[in-house]
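Notes follow the structure.
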Amino acid sequence: MTSTDLDITGLGAGGDGLARLPDGTPCFIPGALPGERVRAAPGARRGEGVAARLETLLAASPDRVVPPCPHFDPRGEACGGCQIQHWAGAPYAAWKRARLVEALSRAGFADPAVAEPAVTPPATRRRADLALRRGADGAVALGFHRRGAAAIEDLSTCAVLDPALVALFDPLRAMLRGLGAFRREGSALLNLLDTGPDLLLRLDGRPGTADRATLAAFAAAQGVPRIAAGPLKGSAQETMAQLGPVSIGFAGVAVAPPPGAFLQATPQGEAAIVAAVLEGLPKLAGRARIAELHAGLGTLSFPLAARARVTAYEGAPEAVAALDAAARRSGGRVTAVRRDLARQPLSARELEGFAALVLDPPFAGAAEQMPALARSGLACIVYVSCNPAALTRDARLLAAAGWRLERAVPIDQFLWSGQLEAVVTFARGRPG
């Protein structure tokens with residue numbers, strides 16, 4: 001299709017400029033901003049629309065700014081980690097808030113009360129899953145995939161990651177160049193814990209004695225308390241080097257996470273989520289109990305335990321083991337229960353006796369659990385969402401069952417991206 005001049009009327013969910021082709025087909029253009037006029041080359045279909053490449057910026061938005069990262073390309077042809085570094089902060093934050101308003105409106109909650117977003121600052125993300133590739137000359141590329149491509153943007157820096165993780169880029173490249181178990185492809189998952197960086201390598205070879213010595217020397221030189229490794233496919237992993245304890249604290253309780261464990265992306269985002277969850281809870285009596293679904297390592301479990309006794313359900317065996325060990329040391333107000341909530345959701349009857357429920361489901365949401373929650377006798381549900389589309393689907397059942405929306409707080413942990421988290425509180429009955 002030949003190039004065409006288009007007016008950008010908004011942004012799509014992924015952060016691409018949204019326009020209409022002459023025949024009315026939606027057109028998504030990476031790098032274009034609302035209010036701009038561009039010349040673009042439409043290409044392949046993408047869902048209900050067409051993807052296009054920005055060729056010429058004919059009229060720029062006054063909200064267009066200089067991207068802070070040298071790896072960012074507004075056309076989306078370089079690092080795929082960020083999509084919206086070229087937009088000013090105020091309209092960017094308003095767009096994030098509007099995404100949550102739209103998600104809840106589509107669920108059936110008219111004119112939802114949505115707070116201003118909590119936007120985390122740059123250089124604070126403590127978790128990174130970096131792609132690795134060895135070239136024909138032995139050189140190692142380390143970074144994020146380019147958008148929609150297998151190619152890796154080899155990073156020299158990153159505007160969103162904590163500097164302690166960025167500082168490991170070059171030493172990691174140097175170490176991996178001599179690692180026999182890294183043949184062609186791999187990944188490096190970094191978590192910044194309270195005890196320092198924690199590294200999980202996924203490799204296309206099996207580390208031998210020499211590789212283990214290399215990893216131990218790297219851990220000692222770079223202050224990495226633990227390095228684990230496993231194959232590219234599957235969940236198997238083995239600790240290759242451990243020079244000291246590993247831990248992260250939640251509400252003053254130290255938890256020893258397994259390698260590669262899920263963490264909230266930033267400490268500031270975690271604090272905003274915890275604050276919004278606690279604010280969403282009703283006043284609870286002394287013997288009140290809270291059910292927590294998808295508890296993970298206990299990010300919310302231990303803050304919730306200051307309000308009531310918590311029964312924390314989690315399906316991942318390594319996570320629930322770490323949560324259980326910490327809970328047993330912390331005074332007994334958190335009980336960890338291993339349960340696959342997708343295959344065995346809690347029934348409405350099992351929910352009896354809980355004063356409130358908190359759930360933080362994975363990206364796909366909680367489709368299997370929502371029917372029981374909708375018809376339960378719970379007085380309050382606090383839903384922590386990381387996917388507006390899944391939130392719409394799940395919240396629609398609550399709206400149909402007569403639940404009301406109390407409050408909603410958007411939280412932008414994934415700065416300059418289309419991702420959005422939110423804490424949404426639902427209650428039974430009429431407002432008091």
Q) If you check PRO62, PRO112, which single one turns out to be surrounded by fewer than 17 Cβ atoms within 10 Å (Cβ to Cβ) and over 22 Å from the mean Cα position of the chain (by Cα)? A) PRO62
**Q.** Residues located in segment 372-412, provided they are touching a Lys or Arg at 6+ places or on another chain (Cβ under 8 Å), surrounded by 21 or more Cβ atoms within 10 Å (Cβ to Cβ) and in a loop (DSSP other than H, G, I, E, B)
**A.** LEU378, TRP403
(Q) Condition first: crowded, with 18+ Cβ neighbours inside 10 Å and either touching a residue at least 60 places away in the same chain (Cβ under 8 Å) or more than 22 Å from the chain's Cα centre (by Cα) (or both). Now tell me which residues in segment 174-187 satisfy that. (A) MET175, LEU176, LEU179, ALA181, PHE182
**Q.** Any chance ARG39 is assigned to a strand (DSSP E or B), modelled with pLDDT under 95 and not hydrophobic (A, V, I, L, M, F, W, C)
**A.** no
Q: Identify the single condition in (1) in contact with a strand residue (DSSP E or B) (Cβ under 9 Å, 6 or more places away or on another chain); (2) of a type outside the set (Gly, Ala, Ser); (3) without any contact (Cβ under 8 Å) to a residue 40 or more places away in the chain that PHE354 does not satisfy, given that it satisfies every other one.
A: (3)
Q: Output the residues belonging to segment 5-14 that are at pLDDT 95 or above and surrounded by 15 or more Cβ atoms within 10 Å (Cβ to Cβ).
A: LEU6, ASP7, ILE8, LEU11
Q: Filter segment 150-173 down to the residues that are in contact (Cβ under 8 Å) with a residue 40 or more places away in the chain and part of a loop (DSSP other than H, G, I, E, B), then identify the one that is surrounded by the most Cβ atoms within 10 Å (Cβ to Cβ).
A: VAL160
Q) If we only count strands (runs of 3 or more DSSP E) wholly inside segment 230-335, which ones have 3 or more residues that are among the charged types (D, E, K, R) and either at pLDDT below 95 or crowded, with 18+ Cβ neighbours inside 10 Å (or both)? A) none
Q: State yes or no: is PRO197 more than 30 Å from ALA151 (Cβ to Cβ), within 21 Å of the chain's Cα centre (by Cα) and not in a helix (DSSP H, G or I)?
A: no
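The values are calculated or read from the model by the stated rules, or taken from the named source; none is laboratory data. Source: prediction; values computed, not measured. Virtual Cβ from ideal backbone geometry, glycine too; neighbours counted across all protein chains shown.
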